[in-house]
Amino acid sequence: SRVREPHSRPSRPSPTPAALAQAERMLDKGQQFLALGNVVIAREYFARAVELGLPIAVLKLGETHDQNEFGSFKVLGLRHEPAEARRWYERAAELGVPEAEARLRRLGSR
């Protein structure tokens with residue numbers, strides 16, 4: 001299933017501690033798959049963590065589309081998607097993820 005664009009989500013109440021714990025597990029799994037070069041599966045885990053309310057997962061999802069980050073992944077057959085990266089980084093900035101603004105500036109410089 002495809003994740004809806006970040007700006008199409010209605011605001012929700014803060015996630016419960018249980019949801020955040022599950023989101024952290026999803027984030028960790030996504031990181032593991034990313035380290036193996038499986039960006040597609042990593043995106044699915046990051047998207048699930050986003051749905052569970054973990055702001056840093058929004059940034060991680062953006063990284064999987066960012067040309068500046070993409071080269072560090074051991075992956076073949078996928079291309080970076082700057083517009084998609086920008087959308088996720090903008091959402092991460094809205095959620096207060098500190099690194100998001102720097103990532104947006106860096107995208108703008110290419």
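Going by average Cβ density within 10 Å per residue, which order do the peptides 13-23, 38-48, 91-101, 52-62 take, highest to lowest?
Highest-to-lowest ranking by the protection proxy: 52-62, 38-48, 91-101, 13-23.
How far apart, in nm, are two points set 7 Å out from the Cα along the Cα-to-Cβ line at Ser14 and at Gln67?
4.0
Applying the Karplus parametrisation 6.51 cos²θ - 1.76 cosθ + 1.60 with θ = phi - 60° to the phi angles of segment 28-40, what ³J(HN,Hα) value in whole Hz is obtained for each residue in order, glycine and proline being reported as x?
4, 4, x, 4, 4, 5, 5, 4, 7, x, 9, 5, 4
What list of ³J(HN,Hα) values in whole Hz, one per residue of segment 98-108 in order, does the Karplus curve 6.51 cos²θ - 1.76 cosθ + 1.60 (θ = phi - 60°) give from phi, with Gly and Pro shown as x?
Here the 3J(HN,Hα) series is x, 5, 4, 4, 5, 5, 5, 4, 5, 4, x Hz.
Quick check for me: using +1 on Lys/Arg Cβ and -1 on Asp/Glu Cβ, what's the dipole size of segment 33-96 about its Cα centre, in debye to the nearest 20?
Value, rounded to 20: 120 debye.
Read the figures in this text as sums done on the coordinates, not as results from a lab. The shown structure was predicted, so the numbers you read here are calculated from the model rather than taken from an experiment. Cβ: placed from backbone, ideal geometry, glycine included. Neighbour counts: every protein chain shown.
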